[in-house]
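Visitor: Next up is a structure, given as structure tokens.
We did not get these values from a lab; they are worked out from the coordinates using the rules stated. Because the structure is a prediction, the values reported are computed rather than measured. Every residue, glycine as well, gets a Cβ built from its backbone with ideal geometry; the counts of neighbours run over all protein chains shown.
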Amino acid sequence: MKIGFIGLGNMGGPMAANLAAAGHEVTGFDLAAPMPEGVTKADTAADAAKGAEVVITMLPNGDILRKVAAEIIPVMDKGACHADCSTVDVDSARAVADQAIEAGLLAVDAPVSGGVGGAAGGTLTFMAGGSEEAFDKVKPLFDIMGQKAVHCGPSGNGQAAKICNNMILGATMIVTCEAFALADKLGLDRQAMFDVVSTSSGQSWSMNTYCPAPGVGPKSPADNDYKPGFASDLMLKDLRLAMQAAESADADTPLGEAAMELYARFVEQEDGAGTDFSAMLPRFEKRGHG
Ligand code: NAD
């Protein structure tokens, strides 16, 4: 298949390389990043999109997505599909999909989970919004870049699934870290705490799979000096998108808001920028009740 790939950074680079390695003809464009192996360089986003059956974008945010979409949608062939895999606000995802559909294209918003390791290893999870026809067209590509693709409903629902998931993740990570710091002060051994909670009703992915306490549970960024992993800055971005969506949909999300405020303080005023999002535990260790 002829594929255009725009945004070849930490995630897009290895995703495009996996498509090329599987035998697809991939033409790429990025303002700064180098071309991954097997990907032909285009001079503009429009050049990468022209003549492609599927154009994939993997960009930093909704404003940049809207700008790139305005360059590629007018030059794409009718019936071709735009698949945006970036994490962006639901409103931008829906606006860009509407433009594509009006221009006679298919459109999918398909943010991913699995991080840079998942992108390199081809083990991402895709959560997709769009028509059945659009999803079916790009599903074989999702199967190369990932291990699972879930069709979540119409345009925007992929982004909705992503931010709801990450709102749960942010809040459970914070409370898991709080609980470890409380357990320390109560004289409860961390291993005992893990053994109980990971098999009791307080369990979650944050405790069982990505335990924030070094030396406890499976290997995680806590065992590597809290190097990301999934950076606190990216968690903050996703929590802000969740709160933006909650406001726009008039949903009451008090714990999501508290999680966003805490990550904002951690990243912007304390020393959390560039650390893994589980570095909330050393943050709480240093603090008392007042
Ligand atoms: P990145 O900053 O490494 O890559 C983004 C790329 O887009 C950069 O190479 C940049 O040069 C390029 N770019 C910016 N504006 C452009 C334009 N106008 N035209 C062409 N290229 C342009 O970011 P990343 O880590 O690859 O993340 C990409 C997206 O994936 C983000 O939306 C992020 O939230 C999401 N995501 C990231 C992770 C992760 O762990 N890194 C996990 C899941 C989802």
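Visitor: Restricting the calculation to Cα positions, tell me the Rg (one decimal) and the Dmax (whole number) of the chain in Å.
Guide: For the chain, the Cα radius of gyration and maximum Cα-Cα distance read 20.2, 66 Å.
Visitor: Would you mind checking the pairs K148/K237; K50/K237; K78/K139; K137/K162; K148/K219 and listing those with alpha carbons more than 26 angstrom apart? Please report the intermediate quantities before stating the final value.
Guide: Values: K148/K237 24 Å; K50/K237 32 Å; K78/K139 19 Å; K137/K162 21 Å; K148/K219 23 Å.
Table pairs above 26 Å Cα-Cα are K50/K237.
Visitor: Normalised by the number of residues in the chain, what is the relative contact order in percent for Cα pairs under 8 Å and 6+ residues apart?
Guide: Values: 569 pairs, mean separation 36.7, N = 290.
Relative contact order for the chain comes out at 13 percent.
Visitor: How large is ³J(HN,Hα), in whole Hz, for each residue of the stretch 131-145 in order, when computed from phi with the Karplus curve 6.51 cos²θ - 1.76 cosθ + 1.60 and θ = phi - 60°, using x for Gly and Pro?
Guide: 6, 4, 4, 5, 4, 4, 5, 9, 3, x, 6, 4, 5, 7, 7
Visitor: Let me ask something else about it. Which of the aspartates and glutamates could be linked to K286 by a straight reach, that is with a Cα gap under 19 Å, when you skip same-chain ones fewer than 8 residues away?
Guide: K286 reaches E178, D184, D189, D223, D225, E261, E268, E270, D271, D276.
Visitor: Continuing with this model, one more query. Can you give me the long-range amide H partners of G217? Hydrogens built in the peptide plane at 1.01 Å from N, cutoff under 5 Å, separation of 5 or more residues or another chain.
Guide: Here nothing satisfies the definition.
Visitor: What list of ³J(HN,Hα) values in whole Hz, one per residue of the stretch 259-266 in order, does the Karplus curve 6.51 cos²θ - 1.76 cosθ + 1.60 (θ = phi - 60°) give from phi, with Gly and Pro shown as x?
Guide: 5, 4, 5, 5, 5, 5, 4, 4
Visitor: Let me ask you something else. Which value in deg cm²/dmol, rounded to the nearest 500, describes the helix-derived mean residue ellipticity at 222 nm for the chain, given -39,500 (n - 2.57) per DSSP H run of n ≥ 4 and division by the residue count? Could you put the intermediate results ahead of the total?
Guide: On the way: 12 runs with 140 residues, N = 290.
After summing the helix terms and dividing by the residues of the chain, the value is -15000 deg cm²/dmol.
Visitor: Taking amide H atoms as placed 1.01 Å from N in the peptide plane, list the residues 5 or more away in sequence, or in a different chain, whose amide H sits under 5 Å from that of A33.
Guide: Excluding prolines and chain starts, which carry no amide H, the hits are L8.
Visitor: What is the percent of Cα-Cα separations in the stretch 129-270 that go past 17 Å? Provide the component values of the computation, followed by the final result.
Guide: On the way: 6777 of 10011 pairs.
More than 17 Å apart: 68 percent of the Cα pairs in the stretch 129-270.
Visitor: Could I ask something else about it? Taking the Cβ of each residue in E257, E133, E270 as the centre, tally the other Cβ atoms inside 10 Å and list the residues starting with the fewest.
Guide: Details: E257 17, E133 11, E270 14.
By the 10 Å Cβ count, ascending: E133, E270, E257.
Visitor: Once you sort the root eigenvalues of the Cα gyration tensor of the stretch 1-154 as a ≥ b ≥ c, which label holds: rounded (a/c under 1.5), prolate (a/b larger than b/c) or oblate (the other case)?
Guide: rounded
Visitor: Still on this structure, please answer the following. Please list, or write none, the aspartates and glutamates whose alpha carbon is within less than 19 Å of the alpha carbon of K2, excluding same-chain residues fewer than 8 places away.
Guide: Reachable aspartates and glutamates: E25, D30, E37, D43, D47, E53, E71, D77, D84, E133, D136, D143.
Visitor: OK, next. Sequence-distant or interchain residues sharing an amide H contact under 5 Å with G51, placed H: which?
Guide: HN-HN under 5 Å from G51: D77.
Visitor: Another one. Can you work out the Karplus-derived ³J(HN,Hα) for every residue in the stretch 59-67? Use 6.51 cos²θ - 1.76 cosθ + 1.60 with θ = phi - 60°, whole Hz, and x for glycine or proline.
Guide: 10, x, 7, x, 5, 5, 4, 4, 5
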